[in-house]
Amino acid sequence: MKFVEKYGKSVEEALRLALIELDASRDEVEYEIIEEGSKGFLGFGAKETKIKVSKKHNAADIAQTFLASLLREMNISASISAELFDDNLSINMAGEDMAILIGKRGQTLDSLQYLISLVVNKNRDEYVRVVLDTENYRMKRKETLENLAGKLAFKVKKSRKNVILEPMNPYERRIIHSALQNNPFVSTKSEGDEPFRKVVIYYDYKKNRAN
């Protein structure tokens, strides 16, 4: 963590000088007082305040450091990039054998994402939503699920029988719900307990009476 030590007639003056050098705003740093200042006597013996100021680790730094450590333990070489927009942290991995990190239906990727989310949000006031991806898996999976939702909705419309999908994580269930929320014939709901919670697609008679 980068830090500077600054003197000033007051804490605020020393802090202002440190912020300029660190090119940071007040909420991006933390500081500690190394030496208390004093006014002296009749102007003699005055002593300036000394503080140590360091930049806080943001969510992207924390995530990259933690993920890099995990990958080293797994003997996997990958480059990691992380970008924080408001309270959304997007992390991408690139390298060879990324299929290992994706796992069956993205289960390994989801587990890594969950661990990173726990670490990033520890002792944090505002929740940061973490999305971990590699080889554009999330987008490909989203398209696959949306296509599946459309095909199953057509099947339910024809048969008027419910279709129950395999257990999915909350992110993937939201994709199914979102894909069919404006469908004029079917509706969706989730049933069961985690981690076996499933989406049910059912023929919605209320919608059809309205039509």
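The values are calculated or read from the model by the stated rules, or taken from the named source; none is laboratory data. In this text, all values refer to a predicted model and were calculated from it rather than measured experimentally. FYI the Cβ positions are ideal-geometry reconstructions off the backbone, even for glycines, and counts take in every protein chain you see. Protein only, heavy atoms only, side chains kept; ligands, DNA and RNA dropped before computing areas. Shrake-Rupley method; radii C 1.70, N 1.55, O 1.52, S 1.80 Å.
Backbone geometry of the stretch 164-175 corresponds, through the Karplus equation with coefficients 6.51, -1.76 and 1.60 at θ = phi - 60°, to 3J(HN,Hα) couplings of 10, 7, 5, x, 9, 6, x, 4, 6, 5, 4, 4 Hz, x marking Gly and Pro. When a/c is below 1.5 the answer is rounded, else prolate if a/b is larger than b/c, else oblate, so apply that to the stretch 105-211 with a ≥ b ≥ c taken from the square roots of the Cα gyration tensor eigenvalues. Prolate, since a/c reaches 1.5 and a/b exceeds b/c. Among the listed options (i) 0.98; (ii) 1.23; (iii) 0.92, the one matching Rg/Rh (Cα atoms, Kirkwood Rh) as calculated from these coordinates is (ii).
What percentage of the solvent-accessible surface of the stretch 86-203, computed with a 1.4 Å probe over protein heavy atoms, is contributed by carbon and sulfur atoms? The partial results should precede the final answer.
Details: 3520 of 7150 Å².
Answer for the stretch 86-203 is 49 percent, counting heavy atoms of protein chains only.
Skip the ligands, DNA and RNA, and give the accessible area per residue of the chain with a 1.4 Å probe, whole Å². Mind dumping the intermediate values first?
On the way: 13770 Å² over 211 residues.
Result: 65 Å² of accessible area for each residue.
In this structure, the pairs whose alpha-carbon distance is over 24 Å, taken from Lys56/Lys142; Lys158/Lys207; Lys104/Lys158; Lys151/Lys207, are Lys56/Lys142; Lys104/Lys158.
At 0.36 nm per residue, minus the direct Cα-Cα distance, what do Asn123 and Ala46 gain on full extension? Give it in nm, one decimal, please. Write out the running numbers ahead of the final one.
Values: separation 77, 0.36 × 77 = 27.72 nm, distance 3.96 nm.
This chain segment gains 23.8 nm when fully extended.
Which of Tyr31, Tyr137, Tyr171 moves the most in a Gaussian network model of the chain with Cα springs under 10 Å? So, out of Tyr31, Tyr137, Tyr171, the one fluctuating most is Tyr31. Subtracting the Cα-Cα distance of Glu36 and Lys140 from 0.36 nm times their residue separation leaves 31.6 nm of extension gain.
The dipole here belongs to the chain: it is taken about the Cα centre, uses +1 on the Cβ of Lys and Arg and -1 on the Cβ of Asp and Glu, and is about 1660 debye. Given the C-alpha centroids of the stretch 17-33 and the stretch 146-211, what is the distance between them in whole angstrom? The stretch 17-33 and the stretch 146-211 have Cα centres separated by 51 Å. For the chain, the residue among Asn162, Val131, Ala68 whose Cα projects farthest onto the positive side of the dipole built from Cβ charges is Asn162.
Classify the stretch 63-147: rounded, prolate or oblate, from the alpha-carbon gyration tensor (a ≥ b ≥ c, eigenvalue square roots; a/c under 1.5 rounded; otherwise prolate if a/b is larger than b/c)? Write out the running numbers ahead of the final one.
On the way: a/c = 1.84, a/b = 1.17, b/c = 1.58.
In terms of gyration-tensor shape, oblate.
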